[in-house]
1. Can you pull out every residue in region 123-182 that is hydrophobic (A, V, I, L, M, F, W, C) and part of a loop (DSSP other than H, G, I, E, B)?
2. Which ones in region 243-259 are among the polar types (S, T, N, Q) and over 15 Å from Ile220 (Cα atoms)?
3. May I ask you to say which residue of Val135, Val116, Val81 is under 24 Å from Leu214 (Cα atoms), surrounded by 20 or more Cβ atoms within 10 Å (Cβ to Cβ) and in contact (Cβ under 8 Å) with a residue 40 or more places away in the chain?
4. Is it the case, given these coordinates, that Gly62 is touching a Gly at 6+ places or on another chain (Cβ under 6 Å), at pLDDT 95 or above and among the small types (Gly, Ala, Ser)?
5. Can you tell me how many residues in region 254-263 are of a type outside the set (S, T, N, Q), surrounded by fewer than 17 Cβ atoms within 10 Å (Cβ to Cβ) and either farther than 14 Å from Gln162 by Cβ or touching a helix residue (DSSP H, G or I) at 6+ places or on another chain (Cβ under 8 Å) (or both)?
6. Is it the case, given these coordinates, that Val116 is among the β-branched types (Val, Ile, Thr) and over 19 Å from the mean Cα position of the chain (by Cα)?
7. Being over 15 Å from Val158 (Cβ atoms), assigned to a loop (DSSP other than H, G, I, E, B) and in contact with a strand residue (DSSP E or B) (Cβ under 7 Å, 6 or more places away or on another chain): is that true of Val55 here?
8. Checking the conditions here, which among Gly51, Gly68, Gly77 is on the phi > 0 side of the Ramachandran plot, of a type outside the set (D, E, K, R) and within 13 Å of the ligand (Cβ to nearest atom)?
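The values are calculated or read from the model by the stated rules, or taken from the named source; none is laboratory data. The structure displayed is predicted, hence computed values, not measured ones. Neighbour counts run over all protein chains shown; Cβ positions are idealised from the backbone, glycine included.
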Amino acid sequence: MLPPQVVEWRRTRWGPVGVTWKRVDEVSRIAVAGATGTLGSRIRDRLSSGGHTVVPISRSAGVDLHTGEGLAEALSGVDVVVDASNAFPTDPSADLVGTLAGATRRLLEVAEEMGVERGVVVSISNVESPAFDHVPYYVAKREQEKIVAASGLRTSMVKTTQWHEFATNPAAVTLGSEEVLVQDWLIQPVAADAVAEVVADHALDRSTPARVELAGPEQIRLPTLTRRLLSVRQDDRPVRIVPPGLPALSDGVLLAPESAEIVGPTVAEWLEVYAGHRS
Ligand SMILES: NC(=O)c1ccc[n+]([C@@H]2O[C@H](COP(=O)([O-])OP(=O)(O)OC[C@H]3O[C@@H](n4cnc5c(N)ncnc54)[C@H](OP(=O)(O)O)[C@@H]3O)[C@@H](O)[C@H]2O)c1
């Protein structure tokens, strides 16, 4: 068998110019779970524009991670599976931790059965903090990480801080008709586009590390980020700051961990690009 063709590729868009990455062109068919989501759509677009075949995994594509419907078919002939899904239970009273963890377990198990070579899974930085011991969504992320670590599939994990797009995330922001309520979290956001770029690298390159942490270049309070985004959108609803249920969120528990690789753009650069796309 011929050795895989290795090409040099320079990261220039959001990262420091001059960092050299290696990409293995042998990887050609990549399944993206969550392909219609905030991150997954960016991963899908990036891989597709690089000439790779992307198999979308989402209910709108006929694949359900809760029931397994369509999963084996979707993973047939796939080289790498990416998990950027967010498979909340459809019944809000259902067990959140069991449902989210079950979706990741099912995805990786079926991938292994179908002979998929590798997996790349996205998670959130700092979920291991004891501050989140009673926060079900973060406990679910911990469970997913354990499942990934125990999987027979060769996997890599991309953990990130909140994204710039978190500025309007319903987990902390309520968009009312008269005002916007924003919880006073202190975060260090990274752009979803920059995260997608790194996840795509991990999907294409077998030699990437088993775990990477990413964060953005600056700390910012969420109400300030939301206010700046609304201003670019010419949305004049006032932002009202509300305290988060968990005081640690105000105190910086979600800031970049020491091991994080810092990747641009800054908030100002991101808003500039965002504004450019709107006009
Ligand atoms: N937001 C942040 O700042 C942040 C930071 C770090 C890490 N993350 C992590 O990044 C991941 C992706 O987040 P996101 O905000 O991009 O998600 P999102 O926009 O909510 O998208 C969720 C995706 O999952 C799919 N999905 C949901 N239920 C499904 C099911 N039962 N079966 C198959 N597909 C299903 C959805 O498609 P359908 O609805 O069509 O099924 C959609 O494509 C999550 O693991 C999240 O924890 C987020």
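1. Listed by number, the residues that qualify are Val127, Val135, Leu153, Ala171, Ala172.
2. Ser259
3. Values: Val135 fails: surrounded by 20 or more Cβ atoms within 10 Å (Cβ to Cβ); Val116 fails: under 24 Å from Leu214 (Cα atoms).
Being under 24 Å from Leu214 (Cα atoms), surrounded by 20 or more Cβ atoms within 10 Å (Cβ to Cβ) and in contact (Cβ under 8 Å) with a residue 40 or more places away in the chain holds for just one of Val135, Val116, Val81, which is Val81.
4. Criteria met by Gly62.
5. 3
6. Judged against the criteria, Val116 is a match.
7. No: the conditions fail for Val55.
8. Numbers: Gly51 fails: within 13 Å of the ligand (Cβ to nearest atom); Gly77 fails: within 13 Å of the ligand (Cβ to nearest atom).
Just one listed residue meets the conditions, Gly68.
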